[in-house]
1. If you count, for each residue, the other Cβ atoms within 10 Å and average over each peptide, how do 40-52, 61-73 line up from highest to lowest?
2. Given R₀ = 30 Å, FRET efficiency for L62-T194 by Cβ-Cβ distance, to 0.05?
3. Dipole of the range 185-260, Cα-centred, from +1 at each Lys and Arg C-beta and -1 at each Asp and Glu C-beta, to the nearest 20 debye?
4. Calculate, in nm to one decimal, what R52 and E136 gain on full extension: separation in residues at 0.36 nm each, minus their alpha carbon distance.
5. Pull out a ≥ b ≥ c, the square roots of the eigenvalues of the alpha-carbon gyration tensor of the range 66-206, then state rounded if a/c is under 1.5, prolate if not and a/b is larger than b/c, and oblate in the remaining case.
6. Could you tell me how many degrees, from 0 to 90 and to the nearest 10, lie between the Cα long axis of helix 236-261 and the main elongation axis, the longest principal axis, of the Cα atoms of the chain?
7. Residues in the range 149-177, backbone N under 13 Å from the label point at S117 (7 Å along the Cα-to-beta-carbon vector): list them, ranges by number please.
8. Once the Cα gyration tensor of the chain is diagonalised, what are the square roots of 5 times its eigenvalues, in whole Å and ordered largest first, as equivalent ellipsoid semi-axes?
Amino acid sequence: MTPGTETPEAPLPPPTVAVVVITLNEADRLAPALESCRGFADELLVVDSGSRDGTPDLARTLGARVVVHPFSDFADQKNFAMAQVSSSWIFNLDADERASVDLAAAIGEFKRRPPPSLPAGFAIARKSAYLGRWIEHSGWYPDRKVRLFRREGAHWQGRVHERLSLPGPVDRLPGEILHHTYRDIADHLRKINTYTSFQAEGMAGRSTLRLLLSALLLPPVTFFRHYCWKRGVLDGFPGLVIAVLSAWGTALKNLKAIERRRPPRPPG
């Protein structure tokens, strides 16, 4: 090699994106989720944990690869899903979410013209529809989530409300994830019941007095936070429901943790 000359570095291959969705009985909501990603997805993967409503068959007809895997918790399921794809980047989506037109265009542009210095992931605003209305306050918006991220070095942690650990900085991406959340109040209550059971498992080591005080004192604070401080009052009736049920969930997880600490007693 001539002194003073350097061999130019080979250009990095363009990013490839795998859209990953974990499912359980989501046949009524899965199709719009996958269709919203079709313009930028190099892979479509659905990891199903035992649906009985035809979700796996529907996913296959939509062009997704389906892997059935027993569910233990959200982090483990998402980590398993990441290991099933070969793309360099993951776009993680729930079955009740859609990529907005602006977001799909932004991801497509990212693939065509990646910035010279790539972050480890991108945080994306999420906008939720609830009880027939887009929620713009209540602590639900912009609710930025890191959903597009480099697969290498990424790891999910936490049984519920899982967190993504990345080996580098996070940037923001324009557009929104459109979240068609709970089908109705009954569905919201069912999800709260499920999530608080997971949360209670991680809280059972706390003292009974601390849990009891939290169950009594934190629900009013939670209601005030969502309805007043986060301006849920501007979201109308849905904002009131969000504040009330958030307070209820706060009480419930603490009461369930107390229940776990108490020895079982036979009736009578």
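Here, each number is a calculation from the coordinates, and none is a lab measurement. Source: prediction; values computed, not measured. Cβ sites come from the backbone with ideal geometry, for glycine too, and all protein chains shown count toward neighbours.
1. 40-52, 61-73
2. Details: r = 26 Å, r/R0 = 0.88.
Approximately 0.70, to the nearest 0.05.
3. Computed charge dipole of the range 185-260: roughly 160 debye.
4. Length gained, R52 through E136: 26.8 nm.
5. In terms of gyration-tensor shape, oblate.
6. With rounding to tens, the tilt is 70 degrees.
7. Residues 169-171 qualify, since their backbone N sits under 13 Å from the label point.
8. Value: 38, 21, 21 Å, ordered largest first.
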